[in-house]
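What follows is a set of notes on a single structure, which appears directly below.
The values are calculated or read from the model by the stated rules, or taken from the named source; none is laboratory data. Nothing here was measured: the structure is a model prediction, and the numbers come from that model. Backbone-built Cβ (ideal geometry, glycine too); neighbour counts: all protein chains shown.
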Amino acid sequence: MQIISVRSYNKKAEMNVNIIQHANTGLKRLDLFFSQIKKSHPQFFEKILDHFNNNWTELKKIPSLSLAEYEILNEYPLLAHKALGTLFACMNLEVHDIILNSETVSIDVFDYLRSSLFFSYALIQSLLKIMPKKDAINYYQDYIDMITKFSRDPSQYLEHLVDMRPAGEEFQKKFQSHDFINFTIHPGKIGTKTTKCKWYEVMKELNDPELSYAVCCHYDFEATLNMNPSFLLTRNQTLMEGASYCDFCYHDLRLVDSIEHPPKEFWEELK
């Protein structure tokens, strides 16, 4: 078995962010969320809309963006304005003194993640206004699965599990966000033991493991299929849920006879 230990975690890391792209990513996510609410729970649409308008942050300085491409936000510009205010407030704009019309700025990775994750957390939290927590989690996770499938592109499928590693290296170079151990048991079975994660450190500020898992971790399963429908992720625990590490194991269904997640002893001895 091949084992590689990677320590890329850097608490003080910064990253370059295109402000306009980041804003549009958030708005697209919000527009799709409200579009789904309008279709699935039209009787609650106005209630959730009022919740956001009454609770989200309003900033005096935000980028001037066209809303013409958005189904919902074009009709409700105040919602878009408040959403941008919340998104950029989480990015700690006053500390960074960002000129909002700049194409690219350098900010702390924690601030970037906080803006993205707290924004998503606000979406799932709004569902608690209209349904029980368990139903809200299921609804949000179905929504995440749907938007993840939208980006599935057969022309981008990977051939081998190990082909995921270069993309992971680029990801770590950008975010400097994890400490982990990669292992390869055989070509049809590889994995990662993650011991440190900035996503977890950001979300633990909210002290809500269930919703935090739905926001950050549920995505991983459908995202694995985006790399190749023959790839399957198994995982029994995460940092987000209170464990001391995340136990990712990837299986290539074309190369294995059965799906067997490594036992607890395997992970404990992996150092």
Looking at (1) surrounded by fewer than 17 Cβ atoms within 10 Å (Cβ to Cβ); (2) not aromatic (Phe, Trp, Tyr); (3) not in a helix (DSSP H, G or I), which is the only condition residue 173 fails? (3)
Is it fair to say residue 212 is within 29 Å of residue 90 (Cα to Cα), modelled with pLDDT of 95 or more and surrounded by 21 or more Cβ atoms within 10 Å (Cβ to Cβ)? yes
For residues in segment 7-19 being surrounded by 16 or more Cβ atoms within 10 Å (Cβ to Cβ) and not small (Gly, Ala, Ser), which is nearest to residue 86 (Cα to Cα)? 19
Going through segment 128-163 one residue at a time, which ones are surrounded by 15 or more Cβ atoms within 10 Å (Cβ to Cβ), under 18 Å from the mean Cα position of the chain (by Cα) and of a type in the set (A, V, I, L, M)? 136, 137, 144, 147
I'm trying to understand the selection: among the residues of segment 187-226, which are touching a residue at least 24 places away in the same chain (Cβ under 8 Å), farther than 24 Å from residue 153 by Cβ and part of a loop (DSSP other than H, G, I, E, B)? 208
Let me spell it out: the conditions are (1) modelled with pLDDT of 90 or more; (2) not in a strand (DSSP E or B), and residue 23 meets all of them except one. Which number is the exception? (1)
Of the conditions (1) at pLDDT below 90; (2) outside any loop (DSSP other than H, G, I, E, B); (3) of a type outside the set (D, E, K, R), the single one that residue 99 does not satisfy is (2)
Would you confirm, using the coordinates I've provided, whether residue 259 is assigned to a strand (DSSP E or B) and either touching a residue at least 12 places away in the same chain (Cβ under 8 Å) or polar (S, T, N, Q) (or both)? no
